[in-house]
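Single-structure report; data block below.
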Amino acid sequence: MEDSLKLWQQTLLTLKNELDETDFLELFADVNEVFKTENNLIFIIVPNALVKFRIEKFYLEKLNRICASITKTPCRFKFILKEDAVEQEKVSITTKDTINKRPLKAEYTFDNFETGESNRFAFLSAMKVAETHDKIYNPLYIFGDVGLGKTHLMMAIGHYILDNDPNTNVVYTTAQEFTEDYFIHTSTKKGKENIEAFYQKYRRADVLLVDDIQFLEGKQATQEEFFKVFETLHGLNKQIVITSDRSTTELKNMMVRLKSRFNWGLSVDIKVPDKPLRMNILKRKLSFLIENPSDVPTNVLDIIADYFTNNIRDLEGALRRYITYCVSLNIPFTVENVYVALERFLPERDADKSTNNGYFDLVKKEVAAYYQVQISDLESATRKQHITYARQMAIYLIKNIYNPSLKSIGERFGNRDHATVSHSVDKIEALIKSNNLVKCDFDILFKKIKNN
Ligand code: ADP
Ligand code: MG
């Protein structure tokens, strides 16, 4: 709360420089109280409806933009009258009771969603859909690989809308459930009456959330039915949100008119999280798992974040397993115990632990072919410039991809000592940053090796 107030005051300070002093004072002199911060929205109390109207109409976008330039956390301002704030407080006490009855996972909220480069746009779009009533993005189509937060984000929209208006009919379904539902309602004898119940359920939604739409691929009859539901709801200006593991163009065996409907609104993707995001997610999940998150050293989280790079569900699962393991055996949260607890789940990356060092040969082979040198050159003592460069690149690739110890790398490159290996790593790292050609070499080789 305190931070939100500070942020608001800083934002105002910037705005003040851009406005005429009297204009500024007239509108903002008395706007200095934060009501609450929720779902990345900062609620600011305004003295009367006219001030609220004028701020929202003329300054809201600007204020949000300034705010975004001050802080990295995506947040927005919302203005609320004092009397409405009091009223909302009462309502929120009742909605807390009903939260468990929602068809949504309780913890899948915007508040619990960490943002980074890979998901910021999807997050902001979801927020926008949840908070605005004009349905500019309808449908919102969220796609990305498994375990990257699509369901979480979709449910967060549902929670947010229900928080604001508990009477909204939010319907969540997976494409699979939808399909089963359709067959249950049409395959029984009662026929007509039954299909009516099916229609009631979906066509009465105020907000329809359909998860994993790719499941409808190749299912002609269900697609037809879903198309009708879509047309009805879209026609009534009801919000539709869809998730998928692929983009609309990559959907196979899907009716063209259905695909074209998916493109009516906004399509956003979630990518693989980078290291800082993975660390933030681990820290957040940790605070749910144990009372004193600071008991777990950061380098433990570092290791887990380094191993589980492309699926947030696996990342979370690894942390949970580690914590459960240490707690139930009553052993300390150490780095060694990460390896013990996760032994079966860690890909073989550490040359010291692994008996299979096939990757050394693989990298040497690819690098030698790429730079047209001999594998024996890479292992030799020669200091010819182009060979030294190729050798350093090979060392860097191995360190970067497989992360064995410097000592074990040295042993496999003509018994060089660890300082020499370390120098090679630093050298290429610096070159990648400063020289595009080197970066290009690295990218190509990295891909070749990864795809092997
Ligand atoms: P998907 O539907 O894309 O397969 P989910 O939404 O089920 O993925 O997410 C998998 C797990 O990862 C969930 O437990 C979810 O809470 C968590 N998760 C994903 N993205 C984030 C994020 N940005 N911040 C916090 N938790 C996340
Ligand atoms: Mg999902």
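The values are calculated or read from the model by the stated rules, or taken from the named source; none is laboratory data. The structure presented is a predicted model; accordingly, all values stated were derived computationally and were not measured. Virtual Cβ from ideal backbone geometry, glycine too; neighbours counted across all protein chains shown. These accessible areas exclude ligands, DNA and RNA; they are computed on the full protein's heavy atoms, side chains included. Shrake-Rupley method; radii C 1.70, N 1.55, O 1.52, S 1.80 Å.
Tabulated data for the structure shown
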quantity	calculated
Counting DSSP beta bridges with both ends in the chain, the antiparallel % (nearest 5)	15
Relative contact order %, region 2-100, counting alpha carbon pairs below 8 Å whose residues are six or more apart	28
Neighbour net charge for Leu124 - beta-carbon separation under 11 angstrom, K R +1, D E -1	+2
Å² of accessible area per residue within region 2-100, as computed with a 1.4 Å probe and no ligands counted	60
Chain lengthening between Val327 and Lys447 when straightened (0.36 nm per residue, less Cα-Cα)	39.2 nm
Computed over region 120-270: relative contact order in percent, which uses C-alpha pairs under 8 Å that are six or more apart	38
Relative counts (whole %) of C-alpha pair distances in region 2-100, using bins that are 10 Å wide	15, 48, 28, 8, 2
Accessible surface ranking that places the most exposed of His185, His423 first, with a 1.4 angstrom probe	His423, His185
Shape of region 120-270, Cα gyration tensor, a/c cut at 1.5	oblate
The chain: angle of helix 385-402 to the longest principal axis, Cα-based, in degrees nearest 10	50
Charge dipole (debye, nearest 20) of the chain; +1 at Cβ of Lys and Arg, -1 at Cβ of Asp and Glu	1220
Counted charge near Arg65, where neighbours are those whose Cβ lies closer than 12 Å (Asp, Glu -1; Lys, Arg +1)	0
Estimated FRET transfer efficiency (Asp361, Lys275; beta-carbon r; R0 25 Å; 0.05)	0.30
Distance histogram in 10 Å bins (all Cα pairs of region 359-450, percent per bin)	18, 58, 25, 0
FRET efficiency, Ile70 to Ser187 (Cβ-Cβ, R0 51 Å, nearest 0.05)	0.30
Set Lys6/Lys72; Lys407/Lys433; Lys36/Lys150; Lys252/Lys447; Lys407/Lys448; Lys72/Lys105 screened for pairs whose C-alpha atoms are more than 18 Å apart	Lys407/Lys433; Lys36/Lys150; Lys252/Lys447; Lys407/Lys448; Lys72/Lys105
Heavy-atom accessible surface of the chain: percent carbon and sulfur, 1.4 Å	50
0 to 90° range, to nearest 10: angle between helix 2-18 axis and the chain longest Cα axis	80
Under the Karplus curve 6.51 cos²θ - 1.76 cosθ + 1.60, θ = phi - 60°, whole-Hz ³J(HN,Hα) for region 63-74, x wherever Gly or Pro sits	4, 5, 5, 4, 4, 5, 7, 8, 10, 7, 5, x
Pairwise label distance in nanometres, Ser434 with Arg204, each label 7 Å out on the Cα-Cβ vector	6.9
Heavy-atom SASA rank of Arg416, Arg344, Arg65 (probe 1.4 Å, accessible area, largest first)	Arg344, Arg65, Arg416
Selection from Leu153, Ile432, Thr115, by position along the positive dipole direction of the chain (Cβ)	Ile432
For the chain, alpha-carbon Rg relative to the globular expectation (2.2 N^0.38 Å, N residues)	1.22
Rough spin-label spacing in nm, given labels placed 7 Å along Cα→Cβ, for Val86 and Glu56	2.0
Angle between the chain longest axis and helix 220-235 axis [Cα atoms, degrees, rounded to 10]	50
Relative contact order [Cα under 8 Å, 6+ residues apart], region 177-262, whole percent	30
